[in-house]
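Before we start, here is the structure in question, set down as structure tokens.
The values are calculated or read from the model by the stated rules, or taken from the named source; none is laboratory data. The model shown is predicted, which means the values in this text are computed figures rather than measured ones. Heads up, the Cβs are rebuilt from the backbone with ideal geometry, glycines too, and the neighbour counts pull from every protein chain shown. Just so you know, the surface numbers come from the protein's heavy atoms only, side chains and all, with ligands and any DNA or RNA stripped out. Shrake-Rupley method; radii C 1.70, N 1.55, O 1.52, S 1.80 Å.
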Amino acid sequence: MLKTRIIPVLLMKNRGFYKGIKFKNHKYVGDPINTVKIFNDKEVDEIVIFDIEASLKNKPIDFDYLKDVFSEAFMPVAYGGGIKSVEDAKKLFNIGAEKVILNTYAVLDFNLVRELVKNFGSQSIVFCLDVKKTFFGYGVYIKSGHIKTKYKPVELAKIMEDIGVGEIIINSIDRDGTLKGYDLTIIKEISNSVNIPVIASGGAGSLEDFKKAKDAGASACAAGTIFVFHMPHRAVIISYPKYETLSRILGE
């Protein structure tokens, strides 16, 4: 087992699997259930699924379809998108989610996070910090990157740690889908500011990028495009490196 987890990310909307660049221009790339089955065959240790429209368009969580997706996964699944209540989280756990990932409604209501931690434990609750560089430094965004908040990344990361979340995903909007590498500056800054695991996300373009994120302080690396597209023409081919290859690259 690798110390540094390498986690494929699936972006879902309308029961389809999509990929975009910088949280925009999402294109359909396949069926989520078939994609999960392929990752089963690749012996992936865990996956993340985000519904990228649930919070943005205030859509209800598609529990029926997620149940079908989760039931096909041989690995633990973390789900994020539209989680507004303890009841939402309870339903997700009941249909097979191992963890729930919060963003928009956690920022709008810190008490929601407290209640989820109280009911399900820190190990089950993850906060996703969507960050973007601005003229005044890094900003934190909600609603799938559409609304800027008043918080600074380190400030909000510390708040979420104090409330009790078990992990924080640092998701770079600027790097998303670009294959240009993770934003190591913000990964290092937040990793040095909290004592809970940090997951790097947004920008992985090579296996060496995982090592760089690890060296910057990340406990895990999440990625999508690198596992979905075959360069240079972005042909859709689901892939995942072998354990031996990851072990060699990461030095584990």
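For a quick check of your reading of the filter: which trypsin sites (Lys or Arg not before Pro) in region 21-120 sit in a DSSP loop and have no more than 13 other Cβ atoms within 10 Å?
Answer by residue number: Lys57.
Cα gyration tensor of region 18-89, axes a ≥ b ≥ c as square roots of the eigenvalues: rounded (a/c below 1.5), prolate (a/b > b/c) or oblate?
Cα axes put region 18-89 in the oblate bin.
While we're on this one: Given a 1.4 Å probe, how much area per residue of region 87-241 is accessible, in Å²?
43 Å²
Roughly how many percent of the accessible protein surface of the chain is carbon and sulfur, given a 1.4 Å probe and a whole-percent answer?
49 percent
In sequence order, what are the phi-derived ³J(HN,Hα) couplings for region 185-197 according to the Karplus relation 6.51 cos²θ - 1.76 cosθ + 1.60 with θ = phi - 60°, rounded to whole Hz, with x for glycine and proline?
Calculated HN-Hα couplings, in order: 4, 6, 4, 5, 4, 6, 4, 7, 9, 10, 10, 9, x Hz.
Next question. At 222 nm, what value in deg cm²/dmol follows for the chain if DSSP H runs of at least 4 each add -39500 (n - 2.57) and the sum is divided by all its residues, to the nearest 500?
The per-residue figure over the chain is -9500 deg cm²/dmol.
Can you list the HN-Hα couplings for region 106-116, worked out from phi with the Karplus curve (6.51, -1.76, 1.60; θ = phi - 60°), rounded to whole Hz and with x for Gly and Pro?
Working through the residues one at a time gives 5, 6, 6, 8, 4, 5, 4, 5, 4, 5, 5 Hz.
Could you pull out the pairs from Lys143/Lys242; Lys42/Lys132; Lys3/Lys158; Lys133/Lys242; Lys67/Lys132 whose alpha carbons sit more than 29 Å apart here?
Lys143/Lys242; Lys42/Lys132; Lys133/Lys242; Lys67/Lys132
Where in region 133-222 are there trypsin sites (Lys or Arg not before Pro) that are in a DSSP coil and have at most 13 other Cβ atoms within 10 angstrom of their Cβ?
Lys150
Still on this structure: With a 1.4 Å probe and all protein chains kept in place, how much accessible area does Asp64 have, in Å² rounded to the nearest 10?
Asp64 has an accessible surface of roughly 120 Å² with all protein chains in place.
Largest first, how would Arg248, Arg5 line up by accessible area (1.4 Å probe)?
Solvent-accessible surface, decreasing: Arg248, Arg5.
Out of region 1-84, which GluC sites (Glu not before Pro) are coil in DSSP terms and have no more than 16 other C-beta atoms within 10 Å?
Counting only loop positions with at most 16 other Cβ atoms within 10 Å, the GluC sites (Glu not before Pro) in region 1-84 are Glu43.
Next question, about the same structure. Just one of [x] 24, 22, 18; [y] 27, 21, 17; [z] 37, 20, 16 is semi-axes √(5λ) of the Cα gyration tensor in Å as worked out from the coordinates here. Which one is it?
Among [x] 24, 22, 18; [y] 27, 21, 17; [z] 37, 20, 16, the one derived from this structure is [x].
Using amide H atoms built in the peptide plane, which far-off residues or other-chain residues are under 5 Å from Val29 H to H?
Under 5 Å from the amide H of Val29: Phe17, Tyr18, Lys19.
Something else now. Quick check on region 31-168: of the DSSP beta bridges with both residues there, what percent are antiparallel, nearest 5%?
35 percent
So in the chain, what percent of DSSP beta bridges are antiparallel if you round to the nearest 5?
So the antiparallel bridges in the chain amount to around 35 percent.
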